[in-house]
Amino acid sequence: MKLNAFEFVAMNNPLRAAIQRRFEARRLMRMGGAMNGGRALEIGCGRGVGVEIILHQFRAQTVDAFDLDPRMVERAFSRLRNLKDRVNLWVGDATKIEASDATYDGVFDFGIIHHIPDWRAAVGEIFRVLKPGGRFYAEEVLRGFILHPLWRALLKHPQQDRYDHEEFKAALAQSGFTVLCDNQIWNSFGWYIADKRE
C-alpha cells in the first residue's frame, strides 16, 4: 500500500532520517550486530536513507532495495547515485520479491511490513530470499498504533489482520525463522532479529 500525502511528507524529511539513523538502526545493531560484508536487501527503501545505513552502519558489501512507489525509487536513485557500484534499486512488491531463493545474507525492514495487506506473504518471501544462516532485521509498527483513532485519521494503513508483538513473532516462527532477539515499546513498535536456520 502506497503512502498517503501526509505520510509521504513525514517519510521524506530530516527528522525521519535522524530517527531512522540514531534510534531504529542503533537498536537493531545492538540486537543483531553488523553484517560485516555480504549482500543485503531492503524492502520498502523509500528515498534511500536505509540503504545508506545498511552500507555504512551495518557494513554490508552491497545492497539491493526496492519500493512500491516509483517516486520513492526516483528519490533513492538521486540520493545514492555516488554508490551505484554497490546499490541496485527497482520498483517492486514485497509479496513477490524479484530475487532467486537464498540470495541475501541479510534483509532489512525499517517499518514496511505493516503497510502490506498480505503481510504473511511478505514474511514468507523474505524467508525465501535469505540464504540459510541469513539474518532478518525488522522494526515494525504494531496494531496498537495502527488502530489508534488519531493515527487512523492521519495515516493510510491496512486495518484488517494487523498484528501485535507476539503475533508477529509467531508469524516469523511459522515461516521458519528462529527469533533470536525481540523488543517492543507501548504495544506500538517492535524490533526483531531472526535467522533462517542452516
Report summary line: (1) more than 12 Å from GLY44 (Cβ to Cβ); (2) surrounded by fewer than 17 Cβ atoms within 10 Å (Cβ to Cβ); (3) not charged (D, E, K, R) all hold for GLY106 apart from (2)
Query raised in the report: Tell me, which helices (runs of 4 or more DSSP H) wholly within segment 110-196 include 2 or more residues that are out of contact with any Gly (no Cβ under 7 Å at 6 or more places or on another chain) and aliphatic (A, V, I, L, M)?
Result: 119-129, 149-154, 165-175
Query raised in the report: Of the residues that make up segment 149-156, is at least one surrounded by 13 or more Cβ atoms within 10 Å (Cβ to Cβ), touching a residue at least 60 places away in the same chain (Cβ under 8 Å) and under 20 Å from ASP118 (Cβ atoms)?
Result: yes
Query raised in the report: Given the residues ALA121, ALA173, which is the only one that is in contact (Cβ under 8 Å) with a residue 12 or more places away in the chain and surrounded by fewer than 18 Cβ atoms within 10 Å (Cβ to Cβ)?
Result: ALA121
Report task. Find the residue count for segment 26-55, including only residues that are part of a helix (DSSP H, G or I) and either among the charged types (D, E, K, R) or more than 21 Å from ASN88 (Cα to Cα) (or both). Result -> 8
Query raised in the report: Is segment 124-131 home to any residue that is in contact with a helix residue (DSSP H, G or I) (Cβ under 6 Å, 6 or more places away or on another chain) and surrounded by fewer than 18 Cβ atoms within 10 Å (Cβ to Cβ)?
Result: yes
Requested in this report: Return the pairs, sorted by first residue and then second, in which the second residue is modelled with pLDDT of 95 or more and not in a strand (DSSP E or B), the first residue lies in segment 53-64 and is under 13 Å from VAL107 (Cβ atoms) and of a type in the set (Phe, Trp, Tyr), the beta carbons are less than 7 Å apart, and the residues are 6+ apart or on different chains.
Outcome: PHE58/MET29; PHE58/ALA34; PHE58/MET35
Report task. Working only within segment 75-92, note down all residues that are over 20 Å from HIS115 (Cα atoms) and not in a loop (DSSP other than H, G, I, E, B). Result -> PHE77, SER78, ARG79, ARG81, ASN82, LEU83, VAL87, ASN88
Query raised in the report: When residues of segment 55-74 are filtered for being surrounded by 13 or more Cβ atoms within 10 Å (Cβ to Cβ), at pLDDT 95 or above and farther than 22 Å from SER100 by Cα, how many remain?
Result: 4
Report task. Give GLU98, GLU24, GLU42 a once-over and let me know the one that is charged (D, E, K, R), modelled with pLDDT of 95 or more and under 24 Å from SER188 (Cβ atoms). Result -> GLU42
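The values are calculated or read from the model by the stated rules, or taken from the named source; none is laboratory data. Computed from a predicted structure; not experimentally measured. All Cβ positions, glycine included, derive from the backbone under ideal geometry; neighbour counts span all protein chains shown.
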